[in-house]
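First the structure, in the form of structure tokens, and then the observations on it.
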Amino acid sequence: MQDIQTLAEKARMAADAAREAASAAQAYAEQAASAAHGMGMTAGGSSEFIYLFSIFVLAIFIGYFVVWSVTPALHTPLMSVTNAISSVIIVGALLAVGAGAAVSGWAVSFGFIGLVLAAVNIFGGFLVTQRMLAMYKKK
């Protein structure tokens, strides 16, 4: 009987600690939201566009330097990873194209363009990978 009471007390203490952590997290989230609102990062604001655009530009530079620093021996695995990423892009593009009338015509158009470009990237990547692997086959 004593063990059950001890376990129940420990469970109550754990629940109290979880409530305190949840309230602290909620207070922190409210503080972060008010700070973001104070910096002009509201929905649809130009600061949000600049923030997202700067992430896009940084991703371009990081991708460029990562790809050009790869040794030639690792180009085939890099192409395979690129093909895997393009397959994820195709899934998103198919969702955008398949949404049809539920979204704007721009979303469907960009989804179709993304679908075509990702398909070209995948098939071209497979051709390049096959060609590179053929160079290592014995004749």
Residues in the stretch 102-139 reached by a label modelled at residue 89 [backbone nitrogen below 14 Å; 7 Å Cα→Cβ]: 110-126
Order of 136, 51 under a 10 Å beta carbon neighbour criterion, fewest first: 136, 51
Cα-only Debye scattering, the stretch 71-139: base-10 log of I(q)/I(0) at q = 0.27 Å⁻¹: -1.06
Spin-label model distance (nm) - residue 19 vs residue 67, 7 Å beyond Cα toward Cβ: 5.5 nm
Fewest-first ranking of 80, 54, using other Cβ atoms within 10 Å as the exposure measure: 54, 80
Residue 32 paired with residue 132, simple spin-label distance in nm, labels 7 Å along Cα-to-beta-carbon: 3.8 nm
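Here, each number is a calculation from the coordinates, and none is a lab measurement. Just so it is clear, the structure is predicted and the values come from calculations on it, not from any experiment. Don't worry about glycine lacking a Cβ; one is built from the backbone with ideal geometry, like all the others, and counts go over all protein chains shown.
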